[in-house]
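**Student:** Before we start, here is the structure in question, set down as structure tokens.
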Amino acid sequence: MKRSSSKIQRRPVNGVFLLNKPLGISSNAALQKVRWLYRAEKAGHTGALDPLASGLLPICLGEATKFSHYLLDSTKRYQATIQLGHSTTTGDVEGEILLQAEIPELDEERIRQVLAQFKGNIEQVPPMYSALKKEGRPLYELARKGIEIEREARPVSIYAIELLSFTAQSITLDITCSKGTYIRVLGEDVAQALGSYGHLTYLHRIKTGPFDLIPSYTIEYLESLNEAEREALLLPVYAPVDHFPKIQVPEGRSEYFSRGMESNIEHIAETQVLVFDGEKCLGLAEITDKKRLVPKRVLNL
């Protein structure tokens, strides 16, 4: 006799949840858990955190996924602790010891001088333990087999790097940076500039784009709520692009916009605008210099 299996009934849920991801699970596992709790038909995250990293992981549900790449490309802010004395194969506590060196005597002035060298536009060589792909294979798969390939340095921006605290063996930093920045690599580079080797023992994301971490928004907290209470925590679908100018759709053109059709509009040219019909967001559009409203992301709400 076959067992009967109950399958979760998915439903259309639209909005953004600002998850405080715990240590020890992947971003995808956290995403799937949040999706399951909301019973959402569709979901996506906005920039992975390693299993050994914690903090802010915005989860886009339903139609909000149409705007998720704006958060992928946004500025991030982290707090990180670098343990000095040795580097590891992964750049964090998960890897095996790679290189060792004495730790020089640290003082605040010296540390701040070194940190100043990293502020601004810098070049970073992506680590082998990363999700970047070579001929369709993630680099971390090659790294686990002991294979190392040459990686080209990539430009990233460090907007701020501040010293929070330090001991004789470690320093803790507050870092604001561009997309694509590997904090593990930054930690290794800072350690070498201080005259030693190092690896991360702590990494916590506290800001993504316009969103700040809400510590209480954990998976356990979501589990404690009923369906209505969970939905009350969601930000609007357009929250990732809420900073764009907002306009009203031309009168009588709401349905046309929702079909992806252009309209004439008496408005100055804008690269991106959020289009509303009253309080309902219809989507994202461009206004050309010929005063045409061109839909770019249409919401089905």
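**Student:** Over the residues of segment 14-104, compute the C-alpha Rg and express it relative to 2.2 N^0.38 Å.
**Tutor:** Details: Rg = 16.6 Å, N = 91, 2.2 N^0.38 = 12.2 Å.
The reported ratio for this selection is 1.36.
**Student:** Just the number, please: carbon plus sulfur as a percent of the accessible area of the chain, 1.4 Å probe, no ligands or DNA/RNA counted.
**Tutor:** 48 percent
**Student:** For helix 183-193, what angle does its Cα long axis make with the longest principal axis of the chain, in degrees from 0 to 90 and rounded to 10?
**Tutor:** Value to nearest ten degrees: 30.
**Student:** While we're on this one: Amide H of Leu98: which non-local residues (sequence gap of 5 or more, or other chain) have their own amide H closer than 5 Å, using H built in the peptide plane?
**Tutor:** Amide H neighbours of Leu98: Ser87, Thr88, Thr89.
**Student:** Which whole-number percent gives the relative contact order of the chain, counting Cα pairs below 8 Å spaced six or more residues apart?
**Tutor:** Here the relative contact order equals 21 percent.
**Student:** If you don't mind, there's one more thing I want to ask. Taking the Cα centre of the chain as origin, work out the dipole magnitude from +1 charges on Lys and Arg Cβ and -1 charges on Asp and Glu Cβ, in debye rounded to 20.
**Tutor:** 1440 debye
**Student:** For the chain, with the dipole built from +1 on Lys and Arg beta-carbon atoms and -1 on Asp and Glu ones, taken about the Cα centre, which of Ile25, Val237, Ala40 lies farthest toward the positive end?
**Tutor:** Toward the positive end, the furthest listed residue is Ala40.
**Student:** Hey, another quick one. List the pairs from Lys33/Lys280; Lys42/Lys291; Lys33/Lys66; Lys7/Lys280; Lys7/Lys207 whose alpha-carbon separation is above 26 Å, in the order I gave them. Walk me through the numbers before you get to the answer.
**Tutor:** Details: Lys33/Lys280 29 Å; Lys42/Lys291 35 Å; Lys33/Lys66 20 Å; Lys7/Lys280 33 Å; Lys7/Lys207 36 Å.
Flagged as over cut-off: Lys33/Lys280; Lys42/Lys291; Lys7/Lys280; Lys7/Lys207.
**Student:** Might you report the magnitude of the Cβ-based charge dipole of segment 144-301 about its Cα centre, with Lys and Arg at +1 and Asp and Glu at -1, to the nearest 20 debye?
**Tutor:** Computed charge dipole of segment 144-301: roughly 500 debye.
**Student:** Averaged per residue, what accessible area in Å² does the chain show with a 1.4 Å probe, protein chains only?
**Tutor:** 54 Å²
**Student:** What list of ³J(HN,Hα) values in whole Hz, one per residue of segment 284-301 in order, does the Karplus curve 6.51 cos²θ - 1.76 cosθ + 1.60 (θ = phi - 60°) give from phi, with Gly and Pro shown as x?
**Tutor:** Running phi through 6.51 cos²θ - 1.76 cosθ + 1.60 with θ = phi - 60° gives 10, 9, 10, 9, 7, 5, 9, 6, 10, 8, 10, x, 10, 9, 9, 8, 10, 10 Hz.
**Student:** Report, to the nearest 10°, how far helix 27-38 tilts away from the longest principal axis of the Cα atoms in the chain, using its own Cα long axis and a range of 0 to 90°.
**Tutor:** 40 degrees
**Student:** Report the normalised scattering of the chain as log10 I(q)/I(0) at q = 0.10, 0.14 Å⁻¹, calculated by the Debye formula with identical scatterers on the alpha carbons.
**Tutor:** Log10 I(q)/I(0), no solvent term: -0.69, -1.09.
**Student:** Still on this structure: Please compute the Kirkwood hydrodynamic radius of segment 149-278 from all pairs of different C-alpha atoms, in Å with one decimal.
**Tutor:** For segment 149-278, the Kirkwood estimate is 19.9 Å.
**Student:** Cα centroids of segment 221-272 and segment 53-111: how far apart, whole angstrom?
**Tutor:** Their Cα centres are 33 Å away from one another.
**Student:** Run the dipole for segment 189-251 about the Cα centre, Lys and Arg Cβ at +1, Asp and Glu Cβ at -1, nothing else charged, and hand back the magnitude in debye, nearest 20. Walk me through the numbers on the way to the answer.
**Tutor:** Working: 4 positive and 9 negative charges, 66 e Å.
Dipole size: approximately 320 debye.
**Student:** Which one of Tyr197, Gln117, Leu56 is farthest out on the positive end of the charge dipole of the chain, using unit charges on Cβ (Lys, Arg +1; Asp, Glu -1) and the Cα centre as origin?
**Tutor:** Of Tyr197, Gln117, Leu56, it is Leu56.
**Student:** Among Thr271, Thr208, Leu299, which residue has its Cα positioned farthest towards the positive end of the charge dipole of segment 179-301, with +1 placed on the Cβ of Lys and Arg, -1 on the Cβ of Asp and Glu, and the dipole taken about the Cα centre?
**Tutor:** Farthest towards the positive pole: Thr271.
The values are calculated or read from the model by the stated rules, or taken from the named source; none is laboratory data. All of these numbers come straight from a predicted model, not from anything done at the bench. FYI the Cβ positions are ideal-geometry reconstructions off the backbone, even for glycines, and counts take in every protein chain you see. The protein model used for the area step is the full one, side chains on, heavy atoms only, and it has no ligands, DNA or RNA in it. Shrake-Rupley method; radii C 1.70, N 1.55, O 1.52, S 1.80 Å.
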